[in-house]
Amino acid sequence: MQAKKSPPILSRVEDYLKNNENKFVADKIGVAPQTVSSWKKRGDMPSASAIEFAERESLSLDWLLTGRGPMRVETETPIVPHKDGLVYVAAYSEVVASAGTGAVVEYEFQDAAFAFQEDFIRDLRVRADKAAMIRVIGDSMTPTLSSGDWILVDRKDEERFTQDAVYVFHMSGELFVKRIHRVGKGQFKILSDNPVHPPLTPDDTDLETLRIIGRVVWAGRRM
């Protein structure tokens, strides 16, 4: 009997790895084999995991998510050039980080850019080509962040916890924005600024899937 074909994103991961065994693919992505099996059953690899894999392997995200264009990113260039004292930060309107129970990101495409004064970005100690603008959904981070806010995420410390702060992170297949507080070596609490939402203490399984996307350094909202 012919084996069932993997869903599109996972199929392209397997094409790139030249191997479709769950354990091999899982080891290369950095998840458990059961996670890959679950992705195949429920639909596909989450976009947040695809983003991490594409960046780590220098793959074209457009190719990985859609199959369009070349597999590899040929060169690294700033997202957008400097112009008239402004710098531009890539924005992703379809990517939402949950200030709540978690958000599954299905698609990720840069579809806009935010312009900032170069001095302002420099004062934040952010590089425009290592930053991203995404939206918040949920109320667990109020009053600091409200649902619908745009947040500027500094990705230069990606996958590194550098200080107690508000982070965008990927855990158990979902994207969150929460305050992370270190409570001991290898131990963290995930805090909500809204007192209605209790702290979370990730267990070993959660920590295995925890990936820091970046630190939140600025937020903008509609009045």
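Read the figures in this text as sums done on the coordinates, not as results from a lab. Please read these numbers as outputs of a predicted model, since none were measured by experiment. Note: ideal-geometry Cβ built from the backbone for every residue, glycine included; neighbour counts use all protein chains shown.
Observations on the model:
- Counting only lysines at least 8 places from Lys5 when in the same chain, those with an alpha carbon closer than 22 Å to its own are Lys18, Lys23, Lys28, Lys40, Lys41.
- Projecting the alpha carbon convex hull of the stretch 8-66 along each direction and taking the average yields 3.4 nm².
- A cut-off of 5 Å between modelled amide H atoms, ignoring neighbours fewer than 5 places along the same chain, links Phe188 with Val183.
- Karplus-derived 3J(HN,Hα), 6.51/-1.76/1.60, for each residue of the stretch 162-170, Hz, glycine and proline x: 9, 6, 5, 6, 8, 10, 9, 8, 10
- Semi-axes of the equivalent ellipsoid of the stretch 86-220 are 24, 16, 14 Å, computed as sqrt(5λ) over the eigenvalues of the C-alpha gyration tensor in descending order.
- Estimated distance in nm for a label pair at Thr201 and Asp129, the labels positioned 7 Å out from Cα along Cα-to-Cβ: 4.4
- Remark: spin-label model distance Lys41-Ser60 equals 3.5 nm, labels positioned 7 Å along the Cα→Cβ axis.
- Each peptide in 127-139, 32-44 receives the mean, over its residues, of other Cβ atoms within 10 Å, and ordering these scores from highest gives 127-139, 32-44.
- Here Lys189 is the anchor, and the lysines within straight C-alpha reach of less than 20 Å, apart from those fewer than 8 places off in the same chain, are Lys178.
- Segment Glu208..His181, full-extension length gain: 8.0 nm, with 0.36 nm per residue of separation and the alpha-carbon distance subtracted.
- For Val95, the residues whose modelled amide H falls within less than 5 Å of its own, excluding neighbours fewer than 5 places apart on the same chain, are Arg135.
- Burial order of peptide ranges 112-122, 171-181 (average beta-carbon count within 10 Å, highest first): 171-181, 112-122
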